[in-house]
1. Exactly one condition in (1) under 30 Å from residue 24 (Cβ atoms); (2) modelled with pLDDT of 75 or more; (3) surrounded by fewer than 17 Cβ atoms within 10 Å (Cβ to Cβ) is false for residue 77; which is it?
2. Which ones in the stretch 13-36 are at pLDDT 90 or above and not acidic (Asp, Glu)?
3. Anything in the stretch 23-46 that is part of a helix (DSSP H, G or I) and under 16 Å from the mean Cα position of the chain (by Cα)? List them, or say none.
4. Which of the residues spanning the stretch 6-16 are outside any loop (DSSP other than H, G, I, E, B) and within 20 Å of residue 37 (Cα to Cα)?
5. Does at least one position in the stretch 107-123 carry a residue that is modelled with pLDDT under 60, surrounded by 10 or more Cβ atoms within 10 Å (Cβ to Cβ), on the phi < 0 side of the Ramachandran plot and part of a loop (DSSP other than H, G, I, E, B)?
Amino acid sequence: MRGELLVFLEGPIERSEIPDLCARFADLVGERPGRRVICDVAGLTEPDAVAVEALARLQLTARRLGCRLWLRHAGCGLRQLIALAGLADVVPSLPAGTPALGCPGGSGIEAGRQSEQREPPVGVEEVVEPDDPAP
């Protein structure tokens, strides 16, 4: 039978805890293959790169077990970190396409580049020796 499974993740998470976290997650999800797993991340109040890594590895574990992980109550900071890591499509939030909590109008991350203004190096001259081959 298909359905939803709700799990809660709280932080902070230490990198050394990720393998054990994934193993416990696999034990829980392994009993319910094919379900959509909702991960409530409201407890990750100070997200960091380790939290993003943990969520990506949990998603990988879920996919290996025939499930998919969706985030619920993801705060602005967490969603920005996930987007910055390029994992917004890999670790999606519910409901899809809505602005992050606390981020009016979106994630606050803008795509685009701005050219860097530099001054020419001072005191650097190229010296050509008469015996050097032409470039």
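1. Against the list (1) under 30 Å from residue 24 (Cβ atoms); (2) modelled with pLDDT of 75 or more; (3) surrounded by fewer than 17 Cβ atoms within 10 Å (Cβ to Cβ), residue 77 comes up short only on (3).
2. 13, 15, 16, 18, 19, 21, 22, 23, 24, 25, 26, listed by residue number.
3. So the first thing to find is which residues in the stretch 23-46 are part of a helix (DSSP H, G or I), and the list is 23-30.
If the condition is that a residue be part of a helix (DSSP H, G or I) and under 16 Å from the mean Cα position of the chain (by Cα), then no residue fits.
4. Narrowing the stretch 6-16 to residues outside any loop (DSSP other than H, G, I, E, B): 6-10, 15-16.
Matches in the stretch 6-16: 6, 7, 8, 9, 10.
5. yes
Residues checked against (1) under 16 Å from residue 82 (Cα atoms); (2) touching a residue at least 12 places away in the same chain (Cβ under 8 Å); (3) surrounded by 15 or more Cβ atoms within 10 Å (Cβ to Cβ):
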position	(1), (2), (3)
9	yes, yes, yes
24	no, no, no
28	no, yes, no
39	yes, yes, yes
45	yes, yes, no
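The values are calculated or read from the model by the stated rules, or taken from the named source; none is laboratory data. Since the structure is predicted, the reported quantities are computational estimates derived from the model, not experimental observations. When we count neighbours, we look across all protein chains shown, and the Cβ atoms used for this are built from the backbone with ideal geometry, even at glycine.
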